[in-house]
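The values are calculated or read from the model by the stated rules, or taken from the named source; none is laboratory data. Source: prediction; values computed, not measured. Cβ: placed from backbone, ideal geometry, glycine included. Neighbour counts: every protein chain shown.
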Amino acid sequence: WHLDPVGRNCYFVNEETKLGWEDARAHCADLGGDLASIVGPTDQSFIETLIHNSALAFWTGGNHLDESSGWTWSDGSPAAYFNWAEGKAAESLTICYIDILSNSAKTTQTNQVKKR
């Protein structure tokens, strides 16, 4: 676990198991957390430092599973900050992850970052 001294959240980065979004979220819940919510540039910067040396992509809690409510974070955090990669249409996605190498948001099977 990694403590963000500014945001006061703890993060656990799972590079061992590839899971779909729903399974990754359930795994986080089993550990007492949720997928990471990035509610501002400080959160994004801290998470990027945790995963910057990885060739993997990581799930976040950002989702658009309920089309009537728009984008939300799985833990209920305010969904006011999304730093989409240039040229990526957020409307066409249902879930998102962080891919530092290509700086993009996509839907696929990947690892997860947990927030507690």
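For Glu91, all conditions in the list (1) modelled with pLDDT under 80; (2) in a helix (DSSP H, G or I); (3) within 11 Å of the chain's Cα centre (by Cα) hold save one; what is the number of the exception?
(3)
Looking only at region 31-58, which residues are of a type in the set (A, V, I, L, M, F, W, C), touching a Lys or Arg at 6+ places or on another chain (Cβ under 8 Å) and not in a loop (DSSP other than H, G, I, E, B)?
Result: Leu35, single match.
Could you check region 8-30 and list, in sequence order, the residues that are in contact with a Lys or Arg (Cβ under 6 Å, 6 or more places away or on another chain) and more than 14 Å from Gly61 (Cβ to Cβ)?
Residue satisfying the conditions is Cys10 alone.
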